[in-house]
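Peer 1: The structure under discussion is supplied below as structure tokens; questions concerning it will follow.
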Amino acid sequence: DDIVFGTSPKVSDGVSSVSGVTGRRVLLVDTLGVSLVCSDNSLSGAEPLELEGDLSSMTFDEGYDLAAEAVLRSSGISDDPRPGVNILGYGLPDPGWTYGMGEIRSLLSMMGVRVNAFVGCVDSLEAISSSGGSNLCVMVHPERCHRVASFYEELGIPSLRPSCGSPVGYRATKSFLDEIANRLGIDPSPAIEAVDRDEQAVRMMLMKSD
């Protein structure tokens, strides 16, 4: 009785607990284990998002991309113009992701570019909802955001796949900034100069170390 009929109340309690802390909608992933114990999410009062396909046969990146797309399609995306970019494929699996978000946002702001949303990176519902009015989507980790990029392309927002990959290291970071600026028709100099200053400071520090 506990395993078969007791699952839904436990899911309900879990959803209520998480929502009470975050104040956000909860995404339920119906795994094989949950299916075996005959859980009925409708009895828990939850409104789970349905993910198409078999997650157990996907890589982590594919599953992450699928879940992010499902969240987007259920979020009521607005297409009201909101100049700026969306950052795709960057998220919780990246070490130091909170710091990285701040650095990307800071460097792009130096060029006068606003980041409307970090999709798949615990951004606010308001940010996600307004992301449909952006000028460009930047694929930080393309392998983790193919479906999400296609979703935005359906809305008429083009995607950029940086030629040097994710902005890790000075060369790749400067290339990342330069390509975004080129697509938006703006000057990347303020951000590039900031990266150059940081690189010089690091070199000086290394030269002084034993």
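The values are calculated or read from the model by the stated rules, or taken from the named source; none is laboratory data. Everything numeric in this text was worked out from a predicted model, so none of it was measured. All Cβ positions, glycine included, derive from the backbone under ideal geometry; neighbour counts span all protein chains shown. Just the protein is used for accessible areas: all its heavy atoms, side chains included, with ligands, DNA and RNA removed. Shrake-Rupley method; radii C 1.70, N 1.55, O 1.52, S 1.80 Å.
Peer 1: Right, residue 167: part of a loop (DSSP other than H, G, I, E, B) and either open to solvent by less than 20 Å² (accessible area, probe 1.4 Å) or at pLDDT 95 or above (or both) or not?
Peer 2: Details: part of a loop (DSSP other than H, G, I, E, B): yes; either open to solvent by less than 20 Å² (accessible area, probe 1.4 Å) or at pLDDT 95 or above (or both): no.
Considered against the rule, which asks whether it is part of a loop (DSSP other than H, G, I, E, B) and either open to solvent by less than 20 Å² (accessible area, probe 1.4 Å) or at pLDDT 95 or above (or both), residue 167 comes out as no.
Peer 1: A further question follows. Filter the stretch 72-92 down to the residues that are out of contact with any strand residue (DSSP E or B) (no Cβ under 8 Å at 6 or more places or on another chain), without any contact (Cβ under 8 Å) to a residue 60 or more places away in the chain and charged (D, E, K, R) and list them by number. Talk me through it step by step, then tell me what you get.
Peer 2: Within the stretch 72-92, the first condition is being out of contact with any strand residue (DSSP E or B) (no Cβ under 8 Å at 6 or more places or on another chain), and the residues that meet it are 72-81, 83, 92.
This time we only want the ones that are without any contact (Cβ under 8 Å) to a residue 60 or more places away in the chain, so: 74-76, 78, 80-81, 83, 92.
If the condition is that a residue be out of contact with any strand residue (DSSP E or B) (no Cβ under 8 Å at 6 or more places or on another chain), without any contact (Cβ under 8 Å) to a residue 60 or more places away in the chain and charged (D, E, K, R), then 80 is the only one that fits.
Peer 1: So if I check each of 106, 150, which one is farther than 22 Å from residue 78 by Cβ, at pLDDT 95 or above and of a type in the set (Gly, Ala, Ser)?
Peer 2: On the way: 150 fails: farther than 22 Å from residue 78 by Cβ.
Just a single option satisfies the conditions, and that option is 106.
Peer 1: Ok, one more. Within the stretch 74-118, track down each residue that is assigned to a helix (DSSP H, G or I), farther than 24 Å from residue 187 by Cβ and within 11 Å of the chain's Cα centre (by Cα).
Peer 2: 97, the sole residue that qualifies.
Peer 1: Inspect the stretch 164-182 for any residue being under 20 Å from residue 63 (Cβ atoms) and in contact with a strand residue (DSSP E or B) (Cβ under 8 Å, 6 or more places away or on another chain) and give the result as yes or no.
Peer 2: Going through the stretch 164-182, the residues under 20 Å from residue 63 (Cβ atoms) turn out to be 166.
Narrowing further to those that are in contact with a strand residue (DSSP E or B) (Cβ under 8 Å, 6 or more places away or on another chain): none.
Checking the stretch 164-182: not a single residue is under 20 Å from residue 63 (Cβ atoms) and in contact with a strand residue (DSSP E or B) (Cβ under 8 Å, 6 or more places away or on another chain).
Peer 1: Name the residues in the stretch 158-195 that are out of contact with any Pro (no Cβ under 6 Å at 6 or more places or on another chain) and among the hydroxyl-bearing types (Ser, Thr, Tyr), would you?
Peer 2: As a first pass, look at the stretch 158-195 and keep what is out of contact with any Pro (no Cβ under 6 Å at 6 or more places or on another chain): 158-160, 162-172, 174-175, 180, 182-195.
The answer is 159, 163, 166, 170, 175, 189.
Peer 1: Quick one: which residue in 52, 62 is at pLDDT 85 or above, open to solvent by 30 Å² or more (accessible area, probe 1.4 Å) and not small (Gly, Ala, Ser)?
Peer 2: 62
Peer 1: In addition: Within the set of pairs 6+ apart or on separate chains, which have a first residue in the stretch 186-201 that is in contact (Cβ under 8 Å) with a residue 40 or more places away in the chain and over 13 Å from residue 167 (Cβ atoms), a second that is surrounded by 15 or more Cβ atoms within 10 Å (Cβ to Cβ) and small (Gly, Ala, Ser), and C-beta atoms under 7 Å apart?
Peer 2: 187/181
Peer 1: Another question, then. Inspect the stretch 139-156 for any residue being more than 19 Å from residue 82 (Cβ to Cβ), part of a loop (DSSP other than H, G, I, E, B) and open to solvent by 20 Å² or more (accessible area, probe 1.4 Å) and give the result as yes or no.
Peer 2: So far as the stretch 139-156 goes, yes, one or more of its residues are more than 19 Å from residue 82 (Cβ to Cβ), part of a loop (DSSP other than H, G, I, E, B) and open to solvent by 20 Å² or more (accessible area, probe 1.4 Å).
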